[in-house]
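What follows is a short report on a single structure.
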Amino acid sequence: MATTAAPIQLENSVTEFLGKPRKMLIGGKWVEAASGKTFDTINAATGEVLARVAEGDREDIDRAVQAARRAFEQGPWPETPPSERARLLWRLSDLVDQHREELAQLETLDNGKPLFFSRIVDVPTVIEVFRYMAGWATKVEGNTIPISMPGAKYFAYTLREPVGVAGQIIPWNFPLIMAAWKLAPALAVGCTVVLKPAEQTPLTALRLGELIQEAGFPDGVVNIVPGYGETAGAALAAHPGVDKVAFTGSTEVGKLIATAATGNLKKVSLELGGKSPNVVFADADLDSAIPGSANAIFFNQGQICTAGSRLFVHKSIFDKVVDGVAEQTKHFTVGPGIDPATNLGPLVSKEQLDRVCGYLESGAREGAKAVVGGRKIGGTGYFVEPTVLVDVKPQMKVVREEIFGPVVTAIPFSDPDEVMTFANDTVYGLASAIWTRDLSKAHRMAAKLRAGTVWINCYNVFDPALPFGGYKQSGWGREMGHAALELYTETKSVCAQL
Ligand code: NAI
Ligand code: MG
């Protein structure tokens, strides 16, 4: 594990963007918070202030919801044909493409993640998501329905209509990707949106807001209000003028959102936490299972809801796999994300660093042993060592709770049925993985896993066409693919007597 600090030359547009206090986007105008308040967003690699941002609260959310309502009901948006919505989304994806490097740099500075990944994962994913959903805009179809009621003839059909104003609350781990996952399907079907980015990472969503305007979306179709969860987020979730709320974040806050939504029974979709099992069978190809299992937990510093944080390994190969995963951490270059050579960056915030270190201490106290890592990396920024824990027991907090950091617990098993019971022994059900050369076993096991995604001989493979979401306390609903359209549409049955 090496550390490095060589910075790159920032794009001029990034320096300019960071140089001015950032405002919020309401009704097509960039405005200050009604309260005049601002908050700072922090460079995760240095702990220094990166930019000052308008702090939205209840009143700003209210103005944004009114703007979104007006844009939904009046003006050009309800009259915009699907093909034009598709063109707007495609134009937006082209603009993101043209501003690739700028967006990648901003994302890295704000979140901390290695520029290497912002360039090859975050920004390209955003482009693909907008393009994929642009394709659906012209394909939101209803059905014709045969009616059997006697005495008359009927003609009946269904329409899929946009649900209305969508409130979207997103987290800090993939700020730009999460904005695209939320915005793209909503805009494809003709909703209007109030988006609240995470307080830790508001910058790329705000830059995206400028590109949304440049693409030509009518005023008020997308409103972006940065601010804190307890204030702006809670106001959006509870707002009676919002028809649907979509949230990605912690299970704890997901429950608060569901409760807040009961006031007007707005539709709710939730993508929440995980404690995903990653199961390596004795017949696995270890040349791919070992690096794959390391990637499963260390990608994005472990700050990903699908993190393969419980590694189950057949006892016959346990030491080999655990040592192999530990060995992989030696190849990491830890440093500020903005250095292109870095492939393991800092955690997003001091708060997240403290959370993860709290889990490392609790694991040690309860008797877990670190094969590698186990500590904070000293100096500036929020760095923590990639960690593999063994000698863990099912009841330990490090095994049961989402850590959201580069910490994996490794557990041996002896037979396939036993390991499926272990794998499903969690309140979560987001993702899971199986490594084996036995095709039949792989699909038998895939059927047994209670999780929204099962990866076989791979990990963290996402696609705009592949539905994504959770069983159990990992959430409600599926994003991506055709399934995402259902989150943002209502079905209307029209029945005519002929
Ligand atoms: P969080 O769930 O508090 O924050 C996510 C988003 O929800 C942010 O935009 C935040 O401002 C907003 N929010 C917070 N409280 C709210 C409320 N009462 N009403 C409405 N919106 C609210 O997550 P946090 O505190 O940043 O991280 C804590 C833990 O949550 C992490 O350690 C991790 O375990 C989990 N998490 C999971 C994510 C996922 O992708 N599933 C993403 C981020 C965090
Ligand atoms: Mg929180």
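The values are calculated or read from the model by the stated rules, or taken from the named source; none is laboratory data. Please read these numbers as outputs of a predicted model, since none were measured by experiment. Neighbour counts run over all protein chains shown; Cβ positions are idealised from the backbone, glycine included. SASA here: full protein model, heavy atoms, side chains in, ligands and nucleic acids out. Shrake-Rupley method; radii C 1.70, N 1.55, O 1.52, S 1.80 Å.
Give the shape of the stretch 310-409 as rounded, prolate or oblate, defined through the alpha-carbon gyration tensor: a ≥ b ≥ c are the square roots of its eigenvalues, a/c under 1.5 means rounded, and otherwise the shape is prolate if a/b is larger than b/c and oblate if not. Please report the intermediate quantities before stating the final value.
Working: a/c = 2.44, a/b = 1.33, b/c = 1.83.
Since a/c reaches 1.5 but b/c is at least a/b, the shape of the stretch 310-409 is classed as oblate.
If R₀ is 41 angstrom, what is the calculated FRET efficiency for the pair residue 285 and residue 87, using the beta carbon separation as r and rounding to 0.05? The partial results should precede the final answer.
On the way: r = 45 Å, r/R0 = 1.10.
Calculated value: 0.35.
Taking H as built 1.01 Å from N, whose amide H comes closer than 5 Å to the amide H of residue 37, not counting residues under 5 places away?
So residue 37 has HN proximity to 55.
For the stretch 278-339, just list the percent of Cα-Cα distances falling in each 10 Å bin from zero outward, please.
Pairs per bin, as whole percents: 22, 51, 22, 5, 0.
Once you charge only the Cβ atoms, +1 for Lys and Arg and -1 for Asp and Glu, what is the size of the charge dipole of the stretch 277-463 about its Cα centre, to the nearest 20 debye?
Numbers: 18 positive and 21 negative charges, 58 e Å.
That gives a dipole near 280 debye.
If one puts a single equal scatterer on every Cα of the chain and applies the Debye formula without solvent, what log₁₀ I(q)/I(0) results at q = 0.06, 0.07, 0.08 Å⁻¹?
Results for the chain at q = 0.06, 0.07, 0.08 Å⁻¹ read -0.28, -0.38, -0.50.
Once you keep just the Cα pairs under 8 angstrom separated by 6 or more residues, what percentage relative contact order results for the stretch 277-463? Numbers along the way, then the final one.
Values: 339 pairs, mean separation 53.4, N = 187.
Reported as a whole number, the value is 29 percent.
Taking only DSSP H segments of four or more residues, each worth -39500 (n - 2.57), what value at 222 nm results for the chain once the sum is divided by all its residues, to the nearest 500 deg cm²/dmol?
Numbers: 16 runs with 178 residues, N = 498.
-11000 deg cm²/dmol, from helical runs alone.
Where in the stretch 457-498 is the amide nitrogen less than 12 Å from a point lying 7 Å along the Cα-to-Cβ axis of residue 156?
So the set is 493-497.
Return the ratio Rg/(2.2 N^0.38 Å) for the stretch 148-212, where Rg is computed over Cα atoms only.
Working: Rg = 18.6 Å, N = 65, 2.2 N^0.38 = 10.7 Å.
For the stretch 148-212, the normalised Cα radius of gyration comes out at 1.73.
Mind computing the radius of gyration and Dmax over the alpha-carbon atoms of the stretch 277-463? Å is fine for both.
Spelled out, the Cα radius of gyration and Dmax of the stretch 277-463 are 15.7, 50 Å.
Residue 448: which aspartates and glutamates have alpha carbons under 20 Å from its alpha carbon, excluding same-chain residues fewer than 8 sequence positions away?
Straight-line reach from residue 448, under 20 Å: 283, 415, 417, 418, 425, 438.
At R0 = 25 Å, how high is the FRET efficiency between residue 29 and residue 49 if r is their beta carbon distance? Nearest 0.05 is fine. Don't skip to the end; give the middle numbers.
Numbers: r = 26 Å, r/R0 = 1.03.
E(calc), rounded to 0.05, equals 0.45.
Using only the heavy atoms of the protein chains and a 1.4 Å probe, how would 181, 30 rank by accessible area, largest first?
These residues rank, largest area first, as 30, 181.
Starting from the Cα of residue 147, step 7 Å toward the Cβ, then list every residue of the stretch 470-498 with an amide N under 12 Å from that point.
Residues 493-498 qualify, since their backbone N sits under 12 Å from the label point.
For the stretch 154-230, which whole-number percentage of the solvent-accessible area (1.4 Å probe, protein heavy atoms only) is attributable to carbon and sulfur atoms? List each step's numbers first, then the result.
On the way: 750 of 1530 Å².
C and S fraction of accessible area: 49 percent.
What figure in square angstrom, to the nearest 10, would you give for the accessible area of residue 40 with a 1.4 Å probe?
Around 70 Å² of this residue is reachable by solvent.
Among the listed pairs 29/350; 275/320; 369/472, which are separated by more than 28 Å between their Cα atoms?
29/350; 369/472
List the residue ranges in the chain for DSSP H helices whose C-alpha atoms run 20 angstrom or more along the long axis and whose Kyte-Doolittle average is -1.0 or above. List each step's numbers first, then the result.
Numbers: long enough: 58-73 (22 Å, -1.05); 82-98 (24 Å, -0.61); 123-136 (21 Å, 0.76); 175-189 (22 Å, 1.53); 350-365 (22 Å, -0.86).
Long hydrophobic helices here: 82-98, 123-136, 175-189, 350-365.
Hey, any idea what Rg/Rh is for the stretch 186-290, computing Rh the Kirkwood way over Cα pairs?
Details: Rg = 18.4 Å, Rh = 16.2 Å.
Across the stretch 186-290, the Cα-based Rg/Rh ratio is 1.13.
State, to one decimal in nm, how far the label point of residue 73 lies from the label point of residue 320, with both points 7 Å from Cα in the Cβ direction.
Result: 6.7 nm between the two label points.
Pairs 113/267; 267/397; 139/266: which exceed 30 Å Cα-Cα?
Working: 113/267 33 Å; 267/397 33 Å; 139/266 25 Å.
Checking Cα-Cα distances, 113/267; 267/397 exceed 30 Å.
Roughly to the nearest percent, how much of the accessible area of the stretch 40-133 is carbon and sulfur, given a 1.4 Å probe?
Details: 1880 of 3810 Å².
Ligands and nucleic acids excluded, carbon and sulfur give 49 percent.
When averaged across all projection directions, what area in nm² does the alpha-carbon convex hull of the stretch 82-201 cover?
Result: a mean projected hull area of 9.1 nm².
Treat each spin label as a single point 7 Å out from the Cα along the C-beta direction, and report the residue 361 to residue 421 distance in nm.
Here the answer is 3.6 nm between the modelled labels.
Hey, got the Cα dimensions of the stretch 359-498 along the principal axes, in Å, largest first?
75, 44, 26
Two decimals, Cα atoms only, Kirkwood Rh: what is Rg/Rh over the stretch 56-122?
Numbers: Rg = 16.9 Å, Rh = 14.8 Å.
Taking Rh as the inverse mean 1/r over Cα pairs, Rg/Rh reads 1.14.
Per residue of the stretch 489-495, in order, report the coupling 6.51 cos²θ - 1.76 cosθ + 1.60 (Karplus, θ = phi - 60°) as ³J(HN,Hα) in whole Hz, putting x for Gly and Pro.
Working through the residues one at a time gives 10, 10, 9, 10, 9, 10, 10 Hz.
Taking 7 Å along the Cα-to-C-beta vector as the label spot, tell me the residue 59-residue 11 distance in nanometres, rounded to one decimal.
3.5 nm
What whole-number volume per residue, in cubic angstrom, does the convex hull of the C-alpha atoms of the stretch 84-153 give?
124 Å³
State in Å² the accessible area per residue of the stretch 315-363; use a 1.4 Å probe, count heavy atoms of protein chains only, and round to the nearest integer. Show your work: numbers first, answer last.
Values: 2000 Å² over 49 residues.
Value for the stretch 315-363: 41 Å² per residue.
To the nearest 20 debye, what is the magnitude of the charge dipole of the stretch 357-498 about its Cα centre, counting +1 on the Cβ of each Lys and Arg and -1 on the Cβ of each Asp and Glu?
Details: 15 positive and 15 negative charges, 22 e Å.
Its charge dipole is roughly 100 debye.
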